[in-house]
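To start, the structure under review is shown below, and the notes come after it.
The values are calculated or read from the model by the stated rules, or taken from the named source; none is laboratory data. None of these values were measured; they are calculated from a predicted model. Neighbour counts run over all protein chains shown; Cβ positions are idealised from the backbone, glycine included.
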Amino acid sequence: MKNEQLLKGQSIPHDSADKHVTGLAQYTDDVSEPLNTLYGAIGWSKKAHAKIKKIDLKDVKESEGVISIVTYKDIPGRNDVGPVFDGDPIFPKTKIEYFGQPLFAVAAISTELARKAVLKAKITYEELKPIVTIEDALKKNNFLFEPRIIKKGDPQNKIIKSKNKLKGKFNTGSQEHFYLEGQVCLVIPQEDNNLTVYSSTQHPSETQQIVAKMLKQKSNSITVMVRRIGGGFGGKETNFMTAAICALLSHKTGKPIKLRLDRDDDIIITGKRHDFYSEYEVGFNDNGKIEGLKLKLASRCGMSPDLSYAINERALLHLDNAYYLSDLEVKNYLCKTNTSSSTAFRGFGGNQGMMAIENIIDNIARFLKKDPSEVRKNNFYGLKERNTTHYGMKINDNVIHDIFKNLLDKSNYKKRYEDIKNFNLKNNYKKKGIALTPVKFGISFTTIHLNQAGALVHIYTDGSVYLNHGGIEMGQGTHTKIAQLVANTFGLPFEKVKISSTNTSKVPNTSASAASSTTDLNGAATLNAAGKIKKNINNFIRDKYKIYSKIEPIYKNQNIYFGNRSFNFKKIIEEAYLNRISLSSSGFYSTPKINFDKKKFHGRPFYYFCYGAAVSEVTIDTLTGENKVDRVDIVHDAGNAINPALELGQIEGGFVQGQGWLTMEEVVWDKSGKLKTFSPSTYKIPAVTDTPDKFNVEIFDKGSNVENVVNKQKTTGEPPLMLAMSVFFAIKDAIASVVDYKKTPKLDAPATPEKILMSISELKSKI
C-alpha cells in the first residue's frame with residue numbers, strides 16, 4: 001500500500017457528534033419497525049449446571065399476546081453460535097451449562113407481554129454440582145484445551161543461580177462490558193426466504209454466516225446492516241445469540257421480529273472479561289533485572305471455547321509488556337467453568353498478561369526497597385540488543401525509553417515520589433501512593449487471515465464521494481478518520497465525503513471491528529479503492545489534455561494540479577463521466593509482514609507496537625478503604641494521528657475503563673454459579689466523580705509509525721486501557737506506606753475498598 005500525503009493532525013469533530021448530543025443518532029433500536037413487527041424475549045436457565053428433565057411451555061403459549069415459541073427443535077440447521085469452535089448451543093437439548101443460558105424464546109405483540117410470558121415456563125431440573133472458580137477447575141483438571149507450555153532458555157537454572165528470588169500469587173478479576181446500547185436486533189423477512197438483519201454487532205459478516213448456517217441457507221440470503229453501535233468493547237464481537245434467536249423467530253413466524261434484552265438479562269446471559277489467576281517464581285539481580293521467570297497463568301473461560309484460545313494466546317504474547325525476558329517458562333490453563341462464556345474485552349487478554357508481569361516487577365522493587373520506576377526501566381527492552389521477544393519477534397520501533405523519560409520530566413515524578421513519602425509520615429489515616437507504568441501493545445489479529453479488509457468508493461457527477469467499508473463505528477471515530485483520509489486523498493472538504501452504514505451486501509467477508517486494527521485495515525482498503533479511481537482520473541486528464549510529463553498530480557483545495565496546470569475537481573468528474581470513465585471501485589488490503597506459528601509460538605504476530613506510559617497519584621482512606629485518583633499524567637504514542645482530538649478521547653476513555661476494571665468493577669458468582677452482580681445497582685462502573693481530579697494527557701510529539709500504515713498513525717483503541725495499571729499500583733504503594741514500606745502488600749484486582757482494607761489488615765499483622 002502506497003501512503004497518500006499525510007494529514008497534519010486535523011482535529012475535526014466526530015461525524016456524529018451533534019447527533020450523539022441531540023439524540024438524533026440512529027442505533028439499531030431506532031430503526032423504523034414495520035407495522036406487523038412482533039417482539040421477542042428469551043427464557044433462560046435459573047441453574048448453573050443441570051440436566052433438563054422437562055420444559056413445560058403450556059402457560060407460556062397461552063399467555064396474553066404470545067404468537068410463537070421457538071426451542072432447539074425449531075432450528076433447521078446448526079444449533080451453535082460458536083465463532084471458532086462448537087460449544088455454544090443456541091438452545092441446549094438436555095444439559096444446562098450456566099446460570100442464564102437461553103432455553104427458549106417467544107414472539108409476542110409487545111416486548112412487555114413477551115417478557116411476562118417467558119416467566120411462566122415450568123422447568124424441571126436435575127441439578128449437578130457446578131464448577132465455578134478457577135481454583136475448582138484446576139483441582140479437577142477441567143479444561144477446554146490441553147494446558148499450553150511456552151519456554152525460552154533455562155529459567156529454572158537461572159532462578160537457582162540468581163542472588164534474589166521471589167514467589168507469589170496474583171488475581172485479576174472479570175469485567176462486565178456495560179455498553180450503553182445493549183444487545184438488540186431487528187430482523188425483517190424479504191422474498192425468497194431472504195432476511196435483512198439490523199444488529200448491534202462488531203462483526204456483521206460472522207453474524208451473517210451464523211444466521212445462515214442456523215437456518216440452513218446461503219450467506220447471500222442474509223444481509224446484515226449496522227450504522228453505528230453504542231459501545232461494544234468486545235462484548236459484541238462474538239455474541240451472536242441475540243441475532244440468531246431473533247432470526248429464528250422471524251423464520252418461524254414469517255414476521256419482522258425485534259429482540260432487545262433488558263439490562264439485567266443482558267448482563268446475565270452474555271459473556272465477560274476473563275479473570276486470571278497467576279503463580280510465579282522469579283530470580284533477579286540487585287538492580288531488579290529479571291534473570292529467570294516461571295509463571296502459571298490460568299483463566300476462567302466459562303462453559304465454552306468462544307474466543308478463549310486466542311485471548312489466552314494474546315495474554316501469553318503480552319506478559320512481557322515492555323520488558324526483556326531472557327529465560328522464561330509459562331504454563332497456561334484454560335479453565336472450563338459453569339459460568340457464561342468469557343469473551344473478548346478491550347485488550348483481548350493482553351492486559352491480563354501485562355498485569356501479571358507488572359505485579360512481579362512491583363514486588364521485586366519492594367523487596368529491594370527501590371523505586372519501582374527504576375526497576376521497570378532496568379528491565380526495558382533495549383534498542384540494539386535485548387530487543388527480541390520471547391516469541392522471537394525483533395522489536396524495531398521501541399520508543400518506550402523516550403516516552404518514559406518524557407513523562408518522568410513532565411509529571412515531576414521524582415519530587416512527587418519523595419513528597420508523598422513525607423505526606424505519609426505525617427498522616428495516620430489518609431495515605432498517598434504514586435506509580436509509573438509503561439505499555440507496549442502489539443497491533444494485529446493473531447489469527448492471520450483476519451488481517452484483511454474491503455471497501456467500496458463512489459464519486460458522483462457533482463463531485464461528492466460516497467464510501468463503504470467493513471468497519472463498525474462504535475464511538476471511536478473510525479468513520480470520521482476514514483472520511484478524512486478520503487477527503488485528503490481527493491483534495492476535498494470533509495463535508496463532501498459521506499460514509500454509509502456497514503452492509504454485508506456491499507463489502508463481503510469482513511473482519512470484526514476489534515484488535516485495534518479497524519482504521520488501519522479499513523482505511524487502507526478505502527485508500528486502495530480511492531487510488532484506483534484517481535488512476536482513472538489521472539489517465540483521463542493526461543490523455544485529453546495531452547500532459548506527457550510523468551509528474552504526479554496533486555489533489556488539493558478541490559483542484560487537481562499537474563505542475564502549473566490546474567483542473568477543477570467537480571468539472572473534471574463531470575467530464576470523466578461524459579467520457580465513460582469509471583468513477584467507482586472496490587478496494588482491498590491485507591496486512592503485510594505478519595507470520596506467526598501458533599504451535600511453535602514463534603514468529604511475528606504483530607505489524608507494530610503501540611507505546612505509552614502513565615503516572616497516577618492516589619489517596620486512600622485506611623479506615624474505609626475508599627480511594628480517590630488525584631492526578632494522572634499520560635504520554636501516549638499515536639503515531640502521526642489522523643485526528644488528535646479523537647485519539648485523546650480514546651486515551652482518556654480507555655484509561656477510565658481500565659481504572660474501573662482494576663479498582664471497582666467486581667463480577668461475583670456465588671457457589672451455586674448464580675451471578676450476583678447483574679444490574680447497575682449491584683455492579684459499579686466509574687462515574688464522573690471517579691475520574692482523576694487532574695487529568696493531563698499528551699500525544700507523544702515524536703510519534704510516527706515505522707511501518708507503512710495509513711497516515712503513519714498508531715491506533716488508540718485498546719492500548720490506553722493498560723495505562724490504568726498505574727492506578728492499581730499507586731493504590732498498592734499507598735497501602736505499603738501503612739507499615740512504612742517495610743513489607744509488600746498482597747493486593748488482587750480489582751482493588752475495591754474491601755480488598756484494600758483486607759490488604760492493610762494483613763500487612764499490619766506481619767509487623
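Annotations
- Within the range 423-436, the presence of at least one residue that is touching a strand residue (DSSP E or B) at 6+ places or on another chain (Cβ under 6 Å), under 24 Å from ASP621 (Cα atoms) and assigned to a helix (DSSP H, G or I) is confirmed.
- Residue in the range 502-513 that is over 28 Å from GLU206 (Cβ atoms) and surrounded by fewer than 23 Cβ atoms within 10 Å (Cβ to Cβ) present: no
- Meets criteria (surrounded by 24 or more Cβ atoms within 10 Å (Cβ to Cβ), in contact (Cβ under 8 Å) with a residue 12 or more places away in the chain and assigned to a loop (DSSP other than H, G, I, E, B)) for SER341: yes
- Only residues that are assigned to a loop (DSSP other than H, G, I, E, B), over 21 Å from ASP327 (Cβ atoms) and touching a residue at least 60 places away in the same chain (Cβ under 8 Å) were counted in the range 360-397, giving 4.
- Being assigned to a loop (DSSP other than H, G, I, E, B), modelled with pLDDT under 95 and either touching a strand residue (DSSP E or B) at 6+ places or on another chain (Cβ under 7 Å) or not β-branched (Val, Ile, Thr) (or both) is not true of SER672.
The rows are residues; the columns are (1) farther than 28 Å from PRO256 by Cβ; (2) crowded, with 20+ Cβ neighbours inside 10 Å.
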position	(1), (2)
ASN36	no, no
ALA41	no, yes
ASP56	yes, no
GLY65	no, no
PHE85	yes, no
ILE96	yes, yes
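- Candidates are the residues of the range 399-411 that are farther than 25 Å from LEU662 by Cα and either buried (at least 19 other Cβ atoms within 10 Å of the Cβ) or free of Cβ contacts under 8 Å to residues at least 12 places away in the same chain (or both); the one that is nearest to the chain's Cα centre (by Cα) is VAL399.
- Single residue of GLN10, GLN26, GLN5 found to be farther than 27 Å from LYS252 by Cβ, at pLDDT 95 or above, part of a loop (DSSP other than H, G, I, E, B) and not basic (Lys, Arg): GLN26
- Candidates SER278, SER299, filtered to the one that is touching a His at 6+ places or on another chain (Cβ under 6 Å) and of a type outside the set (A, V, I, L, M, F, W, C): SER299
- Some residue of the range 718-736 being within 24 Å of the chain's Cα centre (by Cα), assigned to a loop (DSSP other than H, G, I, E, B) and more than 21 Å from GLU626 (Cα to Cα): yes
- In this structure, SER326 does not qualify as part of a helix (DSSP H, G or I), farther than 22 Å from GLY82 by Cβ and either of a type in the set (A, V, I, L, M) or assigned by TED's automatic domain parsing to the domain that holds GLN659 (or both).
- Among residues of the range 671-705 being of a type outside the set (Val, Ile, Thr) and without any contact (Cβ under 8 Å) to a residue 12 or more places away in the chain, the one that is surrounded by the most Cβ atoms within 10 Å (Cβ to Cβ) is LYS676.
- Residue in the range 689-705 that is modelled with pLDDT under 95 and of a type in the set (Gly, Ala, Ser) present: yes
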